[in-house]
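What follows is calculated from the coordinates using simple rules that are stated; it is not laboratory data. Keep in mind it's a predicted model, so treat the numbers as computed, not measured. Counting neighbours? That spans all protein chains shown, and the Cβs are built from the backbone with ideal geometry, glycine included.
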Amino acid sequence: MPDLLLDRAELTLTNCSIANALDVIGNRICLLLLREAFLGTRRFDDFAERVGVSESAAAKRLAELTAANIFERRPYREEGQRERHEYRLTQKGAELRVVLSALRDWGDRWESGEPGPPLHTVHRGCDAPVHAELRCTKGHLVPRSETALALGPAPDTTYPSAGPAGGLR
C-alpha cells in the first residue's frame with residue numbers, strides 16, 4: 001500500500017474527520033464539560049462551577065453539545081422545586097471517552113509536572129491503570145511506526161492514484 005503522505009502535495013482533504021470533530025468539541029470549555037460528564041456531573045450549576053466558567057458560557061456550550069447530540073437534556077424535579085434539566089451523555093457522547101482518555105494520557109505524560117497527575121483511570125476489576133492505545137480491527141496493538149493512511153469509503157480528495165471506487169491502485 002503506498003503511503004499517502006509521500007504525495008501529500010497531491011492530496012486535499014476537504015471533508016476531514018478531525019476538522020469535523022473539532023467543529024463540535026474543539027474548544028476548552030466543551031472538553032472540560034465532557035470531562036465533568038465522565039466524572040458524573042449532570043446538573044447545569046455543577047457544570048458551570050466545576051469547569052470554572054460563567055453560566056452563560058456553560059449554557060452556550062451545553063446547548064451546542066446538545067444540538068450536536070453529544071448530550072441530551074432530561075427533566076428532573078426535586079421536591080418543592082421547579083422542573084429543571086440535567087445533561088446526560090448520548091451514545092455519541094459516551095464514545096468520546098477514549099478521546100478524553102488519550103488526551104489525559106498525553107497530559108499526564110507531558111503537562112502534569114511534579115508531583116504528577118491528580119487522577120488516574122483504573123480498571124475496576126484489578127485496579128491497574130487504563131490507557132488509550134491503537135488496535136487494528138483484528139485486535140493487534142499497533143505502534144505508530146506500523147500505521148499508514150488509506151483512502152476511506154467516501155474520500156473527498158484529489159489523489160492521482162485513486163481508482164474509480166476510491167481505492168489505491
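Taking the Cα centre of each part, how many Å lie between the stretch 52-79 and the stretch 104-150?
A separation of 29 Å, based on Cα centres.
Which whole-number percent gives the relative contact order of the stretch 14-123, counting Cα pairs below 8 Å spaced six or more residues apart?
20
Using +1 on the beta carbon of Lys and Arg, -1 on that of Asp and Glu, and nothing else charged, what's the dipole of the stretch 1-135 about the Cα centre, debye to 20? Mind dumping the intermediate values first?
Working: 20 positive and 22 negative charges, 92 e Å.
Roughly 440 debye for the stretch 1-135.
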